[in-house]
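**Q** Just dropping this structure here.
Bear in mind that the values in this text are calculations on the coordinates, not laboratory data. Remember, predicted model here, so these are calculated numbers, not experimental data. With ideal geometry, Cβ positions are generated from the backbone for all residues, glycine too; neighbour counts draw on all protein chains shown.
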Amino acid sequence: MRQSYWEIRALGVDLVAAANNTPEENRTLRERYDLPFSILSDIDAEVARAYHAFHENEPMGRNLALVSMFLISRAEDGGKVLWEYVGPSSRYRLAPSRILEELQRALGRTRLHVDVVVPSTWQLERTIAGFQDPPMGFYRTPQEVGERYVLTYRDYTRELAMQAHAEVHRLTEEGWRLAAVSPEYEGAVVIGQRYSFDRSVE
């Protein structure tokens, strides 16, 4: 969600995360990944249970929440859930463009706009290589490179790239107007293409 944070904020939505970690662990998480939003501590998964997003059959018996998102109105407006998504597992995540689409619909917008960033093959391989390049990569020490989660993150990164391609096809097939295609930069380096779509709704 870091990549979509400012687009979500531009809609007037405050983004807050919750994780089954201690406050100290969440603080480390924010610093490590340079996250611009707060992460609340839900160690006992009370929040996850309250929103029916608790992983009931977690293989190791841990208190874990399913990947989920909730758009909640302000307290003065009743604190109602306007939109929600609860995935069956951590591998089922909505594309950022789909999240922004659903947020705009829930907020009653009649003119929708979403962007899809499709990474270049070079950027994708550079990101994956960064997972095993301590101390500047995703993992900080040589010991962490040997962890079983490294392969998971490599696969997940590839899945995100495929998801971006799939989103371009979905939006096109659903009749969205392709408003612009432009290079996506990281500093002075082109790392992919940004596809901008818009659509009017009644």
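**Q** For the stretch 1-95, which GluC sites (Glu not before Pro) are both in a DSSP coil and crowded by at most 11 other Cβ atoms within 10 Å? Walk me through the numbers before you get to the answer.
**A** Working: sites: Glu7, Glu24, Glu25, Glu31, Glu46, Glu56, Glu76, Glu84; in loops: Glu56.
Here the sparse-neighbourhood loop sites are Glu56.
**Q** Suppose the Debye formula is applied to equal point scatterers at every Cα of the chain; what is log10 I(q)/I(0) at q = 0.09, 0.15, 0.16 Å⁻¹?
**A** Per q value, in the given order, log10 I(q)/I(0) is -0.41, -1.18, -1.33.
**Q** Whole-Hz ³J(HN,Hα) for each residue in the stretch 173-185, computed from phi via Karplus 6.51 cos²θ - 1.76 cosθ + 1.60 with θ = phi - 60°, x for glycine and proline: what do you get?
**A** Once θ is set to phi - 60°, the couplings for the stretch 173-185 become 5, 7, x, 5, 8, 7, 7, 6, 10, 9, x, 9, 10 Hz.
**Q** Just need the relative contact order of the chain here, percent rounded to a whole number, with Cα pairs under 8 Å and 6+ apart.
**A** Contact order relative to length: 15 percent.
**Q** So if R0 is 25 Å, what FRET efficiency would Thr121 and Glu173 give, r being the distance between their Cβ atoms, rounded to the nearest 0.05? Present the calculation step by step, with values, prior to reporting the outcome.
**A** Numbers: r = 24 Å, r/R0 = 0.96.
The computed FRET efficiency comes out at 0.55.
**Q** Quick check: residue separation of Arg62 and Phe37 times 0.36 nm, minus the Cα distance between them. What number comes out in nm? Display every interim value, and only then the final one.
**A** Values: separation 25, 0.36 × 25 = 9.00 nm, distance 2.48 nm.
Going from the current span to full extension adds 6.5 nm.
**Q** Let me ask you something else. Collect residues whose amide H, placed 1.01 Å from N in the peptide plane, falls under 5 Å from the amide H of Trp83; neighbours closer than 5 in sequence don't count.
**A** Under 5 Å from the amide H of Trp83: Leu71.
**Q** While we're looking at this one, here's another question. Distance in nm between label sites at Ser73 and Val181, each 7 Å beyond Cα in the beta-carbon direction?
**A** 4.1 nm
**Q** Rg and Dmax of the stretch 1-94, Cα atoms, in Å?
**A** In order Rg, Dmax, the Cα atoms of the stretch 1-94 give 13.8, 40 Å.
**Q** Whole-Hz Karplus ³J(HN,Hα) for the stretch 63-69, in order, using 6.51 cos²θ - 1.76 cosθ + 1.60 and θ = phi - 60°, x for Gly and Pro?
**A** 7, 10, 9, 6, 4, 8, 9
**Q** Between His55 and residues 5 or more places away or on another chain, which pairs have amide H atoms under 5 Å apart, with H built 1.01 Å from N, and which residues are they?
**A** Placed amide hydrogens put Leu64, Ala65, Leu66 under 5 Å from His55.
**Q** Whole-Hz Karplus ³J(HN,Hα) for the stretch 186-202, in order, using 6.51 cos²θ - 1.76 cosθ + 1.60 and θ = phi - 60°, x for Gly and Pro?
**A** 10, x, 9, 9, 7, 10, x, 10, 9, 9, 9, 10, 9, 7, 9, 10, 7
**Q** Further, regarding this structure: Cα-Cα pairs above 16 Å in the stretch 70-118: how many percent?
**A** That fraction is 50 percent.
**Q** Longest segment of the chain with no trypsin sites (Lys or Arg not before Pro) in a DSSP loop having at most 15 other Cβ atoms within 10 Å?
**A** 3-61
**Q** Report, by chain and number, residues whose modeled amide H sits under 5 Å from the one on Ala18, excluding near sequence neighbours (fewer than 5 apart, same chain).
**A** Correct list: Leu40.
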